[in-house]
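What follows is a short report on a single structure.
Read-outs throughout are calculated quantities, based only on the coordinates presented, and are distinct from any laboratory measurement. Quick caveat, the model's predicted, so the values are computed rather than measured. FYI the Cβ positions are ideal-geometry reconstructions off the backbone, even for glycines, and counts take in every protein chain you see.
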Amino acid sequence: MCSIATDLRRPEFRSFFAAAVFCQFAAVGRSWRFVPLLVMLIGFTPGMASADTASLPEADLQFYQSQVAPLLEVHCNKCHGADSKFRGGLDLSSRQGLMTGGDSGPAIDADAPESSLLLDAINYRGLEMPPAGKLPAAEIAVLTEWVRRGAPLPVQTTSRTKHEEGPPKAADHRGHWAFRPVVSGPVPEGSPADWGNSPIDAFVWQQLTAAGLEPTKQADRRALIRRAYFDLTGLPPTLAQVDAFVRSPDPRAYEHVLDELLASPQYGEKWGRFWLDLVRYAETNSFERDGAKPEAWKYRDYVIASFNSDKGYDRFLMEQLAGDELPDASKETRIATGYYRLGTWDDEPSDRTQALYDELDEIVATTSQVLLGLTVNCARCHDHKIDPISQRDYYQTLALFQDVAPDGHRTSPYELVDLSDSPVVAAYRERDAELGRIRHRLHELEQAAIARMPGVDQRRTETDQRLQVLNEKLAQFQSAEEGAEYRRLRDELVAWEQKQLPPRELAMGVATASANPRPTHVLIRGNPHAPGAEVEPGFLEVLSGVPSAGSITPAATSSGRRLHFARWVTQPDHPLTYRVYVNRIWQQHFGRGLVRSASNFGLKGDQPTHPELLDWLTAQFIRGGFQTKPLHKLIMLSKTYQLSSEPTEDQLRVDPANDLLGRFDLRRLSAEELRDTMLLVSGQLNLKLGGPSVYPAMPAEVLAGQSQPGQGWQTSPEAAKAANRRSVYVHVKRSLLLPLLSSFDFPDPDGSCAVRFATTQPTQALSMLNGRFANEAADEFAKFAAREGGHDQPSVVRRALETAFSRPATQAEVIRGLKLVNELITEEGLTAEAALSRFCLMVLNLNEFVFVD
Amino acid sequence: MTESGAAFCGRTRREMLWETGAGFTGLGLTGLLSADGFFGKAAAASEEQPFVNPLAPRPGHFAGKAKSVIFLFMYGGPSQVDTFDYKPKLYELDGKTIAVKTKGRGGSKNEGRVVGPKWNFKQYGQSGQWISDLFPNLATCADDLAFIKSMTADSPIHGSAMLQMNSGKIQSGSPCLGSWINYGLGTENENLPGFVVMLDPTGGPISGAKNWSSGYMPASYQATVMRSGGTPILDLARPEDLTESAQRRLLDSLQSYNREHEATRNHNSNLAARIASYELAFKMQRYAPEATDFSQETAETLGLYGVDKPQTESFGRQCLLARRLVERGVRFIQIYSGGSHNDDNWDAHGDLVKNHTYHAGRTDLPIAGLIKDLKQRGLLDETLIVWGGEFGRQPTAEYAEGTGRDHNAYGFTMWCAGGGIKGGSSVGETDELGSAAVQDRFHVKQLHATILHQLGIDPNRLSYFYGGLDQKLVGVEEVEPIRQIIG
C-alpha cells in the first residue's frame, strides 16, 4: 500500500502529480497489448476467489475476517484489492503482495512490524492513506494489531499477475526502421525523360505510378516564384522580381533565384523561426510574474545567424548543447547555450526539488523530441508504455544535463554569461560581490527592524510601499548602533552603484555548470522525494548500437556530460538525428514531413510515406557536411516541388490526402508571414536585422487581462512604430502573445511545437476586418500604392491588387475593385481616400493574398 | 485491433490530422472525424456551409445533466472559516497561539496565533447549511448549494494554484477547463464564443491570459474575454466610419474575388472554409452585441442581480450576462471576482474584515440573483454553477498583529449548484480549526472530474494527444467525480 501513486494528498506528491507530464497509455481497448489483461479481468470476479484457511491459526483467521477484512474492504480494496488496478503497484489481497509491496517498497516489515510502511501510511507519517482522510483511531489500532501479528491473511487460491505484459524492451525493437542505420539505396529507374531527373522525382514517380497515378502539371512560373519566395524568406516577391523571372531566357533562372534567396538575410529570419518553434523559444519565464529573461534575444539572433551562415547542423547542435564546453568555445557558442534557458521556470516554487526536476524534464522532453524524435519524457514516472525506453533511460538522459545550474529565484532570477574581456569580468565580479554583501546586510538590518513594527506596517513592507515605510519608520525601530551601521552601508552602496565600470557583454546561457553534479537517481513514480537507484549519465539502451565518441571528461567548470552527449548525438552514423532533421526541412517545404509525426519516430509514430527517399536525402545531407542550404536546393530543384497545386481527377479519387506527392499542397501563410507581408505591401516593413525584441501595439482589451495592465510590454507610440519589423523580432511574452499572431496559430511557447495548426476561424476574420493593425496597414497600403503606381483610382486599385498577388491584375479585377470604391463613395458616403483605404483592407483579406499556390 | 488500427494508437484521429498540416477543414477529413464520433452531422461539410467549425456541437460520452457551466472564480482565495466552514471552537481560540501546521506564501510554520472567525454563522434552509453573515442573500439559496468543505490543491502560491484550478496543472502550457469542455462538446451557438471569461474591473488575475489559454490545443479553444458593456469582444466592432452596409459591400466584393480564385481550386476546402468564416464573423458582429444588450431586461430582473446598486452593479452585470450567454448556448463562462494584486482580490493578508466585507458585498447579491433567476427560468437544472478560489486561507494570523490570513491549500471550501448537483448537501470536513481537510478529502482534479461528468463527459476518457501522450485534464490516474454531491 502506501503507494505514492494513489497518495495524491501528500502535498509534495500532489504537486508532483500536477507537475508531471500526465502519462497515459493509449486508452484501454485501443491497444491490442491490453487485450489479454481485459480478458482476464472480465473472467475474474470476487466470487471466484476462495480462501485456503487451513494454514492460518483460528484466532488470526477470525481476527482478520471479523475486523481487518471489512476495514480493508471499505477503505483500501478499491485501489489495492483483488479486483483493483493495484494502484501504485500494491496488492493488498495476498501475502506476497504485502511483502513485495508497491512502488514505495514492502508494505510490511517482517522483522520490525512496527516500522512497516503500511503503518506509516495510515498514521499519515510521510505517506497518507487512505487519501480521503485519516482513519479513526480505533481502526488504526485494528490494523496496527494486524501488522503486529505479522499481517496474517488467508491464501487466495485465485491470483492474477500484478502487471500486464511489460513495456517494450530495447532488445526486441532495435530493428525498428528509425533505429536502423541510414541506408542510401539505389535510385529507382524508369521515370520518363520529361519528368524530373532529380532522384527525389524518381522516388516519387515510382510510388505514384505504382498507385496508377501521374503527377499533375508543373506550376506556372509566377506561382513557382511566389512559392519559392515565401518558402525561403517568408515574404512575397515584388511584381518586378516576378516579371524579371518570368521573362528571363536563362534556363537556370530559377536556380539563380534560389541562390539569391538563400543568400538573403531574410532566409535566416524565416528558417530560424522554425527552430525557435521547436525549442519553445520565449523571452519570459511564465508562472506568476512571467518576467523578462534578459538577453534572450541574443539566442534568437544566434539561431538566425546560424541559418544564414549555413552552419552545419552537427555544429549547430554541438554549440547549443555544449557551447561552454567546446575546445573552441567562443562568444557565439556560449550564447548558443541559451538553449538550456528557454523553458518556463518557477521563480517561487512551492517545492524547490520538484521545480528543479520539472525544469530538467522540460530539457529532456525538448531535447529528445526535437533532436531524436523520441518522447523520452514519457518514461519519467514509469517505463515508456509504447517505445522501448525505460525509466532508467530517462534518468540516465536527465543526468546528462544535471551539471547546468538551475535558474535562481524570485529576487535573483538570472545568472548571465559574461562574454566580456577578463579585466572587465573581474571588475564586475568585485563590484557584484561587494554589492551582494552590502545588500544582504542591509536587508538583515531592515528585517530586524520590520519585525518590531506593527503588523500593518509589516504588511506594507511586502508591497510597493516598502520604501516609503522604510523611509518613514525604519529609524524609530533601530538601535543607535544599527542605525549607524545602516547609514554607513547605504553610503557604501551608493558609492559602489555609482562606480563607473566599462560596459560589458552579457548573454543568457549556461553561466555556471558543475564539474561534479549532484547524483541522479531513478525517481520512483517520478517523485523527486522518493529517490530509487542511482544512475550514471548514459544514452538510451535501444540506441546502444550507436557508439559513443570517447568518454565523459569533467572539466574545471563543467561535468563534460553535455559535450559527451553532443558528440554522440551528432555522430554521422546516428540513425535518428539527421533523419529527424531532414524530415523537418521537408516538412517546412511541403507542409508535412515524409514522417508526419515529425517529433515522434518511435514505434507508434507514423511510418515514412517514402522511406527510401528519406534515407537517400539523409545520406546526401550527411555526405554534404550537414549543410541545410544545399538541402533546400536539392528539394526545390526537383520537379516534385515545382508541381502545380491543382490536382488531377485521378489524384483526388485515389490519393485525396496527397500522400504520394502528386501535386503541391496549397497552404495558408503562417502568422508571421501574414503580418510581415501586410507590413511589406503597405510600405511599412523595416527590414532591420537582429537586436532586442520589439513591442507592437497591443490592444488595450488584451492588456486589461493582465494583473498589472501593460506590465512587461512597451506601450508607447514610439515603441509601436519601431515594431514594424519582421515578426520573428516581436517580444515573446508567454502570458501576452500578440493576438494577431496567436489567432493565426503562432504556437503556445510553453512546449515544443513540431507542426503548427492551420485553423480557420471567424475571429481571424474579425481581426483582419476590424482590428487596428489591419486597418492601419490598409491606410498605408492605399497611400503606398498611390505613391508607387499613380494617384488616380484605377492606378491605386491596380497597383494594390498586383502588389498583393505578385501578378498583373486582369481588367475585370480592376473594374470590380473600382466598383467597390465607387459604391463606398456614392452609396456609403465615404471620402475617396477612405474608400480606397477600405478597398485595400479588402485586398488584405483576399484568399489569394493569404494562400500560396 | 488490426495493425492499421494500431497505427492510430496513442493519438486521436484529430491529432493525426493536425500533423498532416491540413487542419480541421482539409479535404476529406470530415468523414474521418465523423466516424471518430467527434463531429456530429451538424459539423459535416454541406454544400451551402462548407465551414467546419471546430466548435461545432458534438455529443458527449453520455447524456449529461448540465449543458453549461458558470464558474465564479473568487480570485485570491476566500477564507473558508469566515464563509461556509463553520468552526465554533475557533472563536474561543481567538488570539491564542496554538500548534498548527500551515504552509502559505510566508512558508511553512508549526504554530500560529488564531484569528477567530470574524463573522457569525447561522443555519439556513431546510437543509440547515451553515453560512456566515457575509452572504445574507446567498443564504436564502442554501438548499440549492452543495458544499465541498474538504478541497485541497497542490500549491499555496497564487500563480501555480490558479493554473491548477483552471487547467489541472501547476505549470502553464495546458488547456484550461473551458477549452477541454469546448473540445469535448463544442458550442451550441456559433455566433458566440464557446468559452467566455469576464474580468474584474481592477484587472486580470496573476498570470493573465494563461488562465484562459488553450495551451497545446488550437487557439479555437481558448477563451474570449467578454465585457458586459461597450464592445463585448476584441475586434468585434467595425471601425467607427464603416457602417454595416458599407462593410457588407466590402464583403460582397471580397467574396466575389474569392469565388473566382476558388473556381480553379475547388478541390481545396480550406478556401471555402475561409470564405464561410467571413460570413460567420459578419453574423457575430450582429448577434454577439445583442447578448450584452440588457434593454429588454425588466427592472425586477436588474434588481435581482443588483445592477441597480453601485456596490453590486459590476458583478451583477456580469452575472446577468452569464445568464444571457447560457440562454444562448455558451458552454463555459468564468467570472472573476477580484483582479490585480493585494486587496483588489480576496487575498486578505492584511485586514481580513475589510477585504472580505468588500468582496462578499460586491458578489453576494448578484450570485443569489443568478441562482434565483436561472431557477425561475428553468435553467438551473442544466446550468452548473461553481464557486471558489484557487485555495483557502489559514485559521491563524500571518503577522504578529492584525487579522490577515495567509494562503492555505491543505483545506478549503467550494460550492456547486444546479446542473444536476444535489442542493442542500455538504461533503467533507476540515479539522476543528479548519486548517486542513481530514474527512473525504478532495483534490482539484476531482472537482474537474465532477464538472466534466455533469456535462456528460467521462473525465477519464476525454484525452488529447500531445508530446507523445494522451493528455487529460484530470491526469494519468483515474479520477472519480464527487458522487456525494451529485443528485
- Query: Among A:A765, A:Q476, A:A515, whose Cα lies farthest out toward the positive end of the dipole of chain A, if unit charges sit on the beta carbon of Lys, Arg (+1) and Asp, Glu (-1)?
  - Reply: A:A765
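Just tell me how shielded A:742-755 is by partners: mean number of partner chain Cβ atoms within 10 Å of each residue's Cβ, no decimals.
Rounded to a whole number, the mean comes out at 4.
Per-residue Cβ counts within 10 Å, from other chains only, averaged over A:727-734: what number is that? Each step should come with its number before you reach the end.
Details: counts 0, 0, 0, 0, 0, 0, 2, 7.
Rounded to a whole number, the mean comes out at 1.
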- Message: Quick query: amide H of B:Q129 versus all other amide H atoms, modeled in the peptide plane; which residues come in under 5 Å with a sequence gap of 5 or more or a different chain?
- Response: B:Y124
- Message: Only four residue types carry charge here, +1 at the Cβ of Lys and Arg and -1 at the Cβ of Asp and Glu. Report the dipole size of region A:301-352 about the Cα centre in Debye, rounded to the nearest 20.
- Response: 180 debye
- Query: How far is it, in nm, from the label point at B:K101 to the one at A:R252 when both lie 7 Å from their Cα along the line to the Cβ?
  - Reply: 7.7 nm
- Task: Report, in deg cm²/dmol and to the nearest 500, the calculated mean residue ellipticity at 222 nm for chain B, where each DSSP H run with n ≥ 4 adds -39500 (n - 2.57) and the sum is divided by the residue count.
- Result: -9500 deg cm²/dmol
- Dividing the Cα convex hull volume of region B:89-151 by residue count, how many Å³ per residue is that? 119 Å³
- Task: Give the angle, between 0 and 90 degrees and rounded to the nearest 10, that separates the Cα long axis of helix A:313-322 from the longest principal axis of the Cα atoms of chain A.
- Result: 40 degrees
- Exposure proxy check on A:E283, B:E190: fewest-to-most Cβ neighbours within 10 Å is B:E190, A:E283
- May I ask you to derive the FRET efficiency for B:E327 and A:Q447 from their Cβ-Cβ distance with R0 = 60 Å, giving the value to the nearest 0.05? 0.65
- Report the Stokes-Einstein translational diffusion coefficient (µm² s⁻¹, integer) for chain A, Rh taken as the Kirkwood radius over Cα pairs, at 10 °C with viscosity 1.306 mPa s. 50 µm²/s
- Counting other chain Cβ atoms within 10 Å of each Cβ in B:226-237 and taking the mean gives 4
- Message: If each residue of separation counts as 0.36 nm, what is the full-extension length gain between A:N197 and A:A433 once their alpha-carbon separation is subtracted?
- Response: 78.3 nm
- Task: Note down the net charge around A:V850, summing +1 for each Lys or Arg and -1 for each Asp or Glu among other residues with Cβ under 11 Å from its Cβ.
- Result: +1
- Given a cut-off of under 8 Å on Cα pairs at least six residues apart, what relative contact order in percent is computed for chain B? 27 percent
- Sum up the charges of everything whose Cβ sits under 11 Å from the Cβ of A:Q708, counting Lys and Arg as +1 and Asp and Glu as -1, but leave A:Q708 out. -2
- Item | Unit charges on C-beta of K, R, D, E only; dipole of region B:234-291, Debye | 200 debye
- Item | Contour excess over end-to-end distance, with Cα ends at A:R466 and A:D573 and 0.36 nm allotted per residue | 32.5 nm
- Restricting the count to DSSP beta bridges whose residues both fall in the protein assembly as shown, what percent are antiparallel, rounded to a multiple of 5? 65 percent
- Given H placed on each backbone N at 1.01 Å, which residues far from A:S682 in sequence or on other chains put an amide H within less than 5 Å of it? none
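First measure r as the distance between the Cβ atoms of B:E300 and B:D133, then evaluate 1/(1 + (r/R0)^6) with R0 = 25 Å and state the FRET efficiency to the nearest 0.05.
0.45
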- Task: May I ask you to list the lysines whose Cα is less than 28 Å away from that of A:K783, ignoring any residue fewer than eight positions away on the same chain?
- Result: A:K270, A:K688, A:K721, A:K819
- Query: Rounded to the nearest 20 Debye, what is the dipole magnitude of the protein assembly as shown about its Cα centre when Lys and Arg each give +1 and Asp and Glu each give -1 at the C-beta?
  - Reply: 480 debye
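Note down the relative contact order for chain A as a percent, whole number, built from C-alpha pairs under 8 angstrom at least six residues apart.
Once divided by the residue count of chain A, the mean separation gives 15 percent.
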- Toward the positive end of the charge dipole of the protein assembly as shown, about the Cα centre and with charges on Cβ (Lys, Arg +1; Asp, Glu -1), which of A:A804, B:F84, B:P481 goes farthest? A:A804
- Message: Taking the beta-carbon count within 10 Å as an exposure proxy, list A:R798, A:R675 from fewest neighbours to most.
- Response: A:R798, A:R675
- Item | Environment charge of A:R807, counting only residues whose C-beta is closer than 11 Å and scoring Lys/Arg +1, Asp/Glu -1 | -3
- Task: For B:T231 and B:T140, compute 0.36 nm times the residue count separating them, minus their Cα-Cα distance, and round to one decimal in nm.
- Result: 29.3 nm
- Using Cα pairs under 8 angstrom and six or more residues apart, how large is the relative contact order of region A:420-504, in percent? 47 percent
- Message: Given the options A:I122, A:Y229, A:L563, identify the residue whose Cα lies farthest towards the positive end of the charge dipole of chain A (+1 on Cβ of Lys, Arg; -1 on Cβ of Asp, Glu).
- Response: A:Y229
- Task: Just grab the label-to-label distance for B:D293 and A:D421, each label 7 Å out from Cα along the Cβ direction, in nm (one decimal).
- Result: 7.2 nm
- Query: Helix A:793-805 sits at what angle to the longest principal axis of chain A, using alpha carbons and giving 0 to 90 degrees rounded to 10?
  - Reply: 50 degrees
- Distance in nm between pseudo-label sites at A:T810 and B:D94 (7 Å out along the Cβ direction from Cα): 8.4 nm
- Calculate how many DSSP beta bridges within chain B are antiparallel, expressed in % of all such bridges and rounded to the nearest 5. 55 percent
- Estimated FRET transfer efficiency (A:A59, B:S108; beta-carbon r; R0 56 Å; 0.05): 0.80
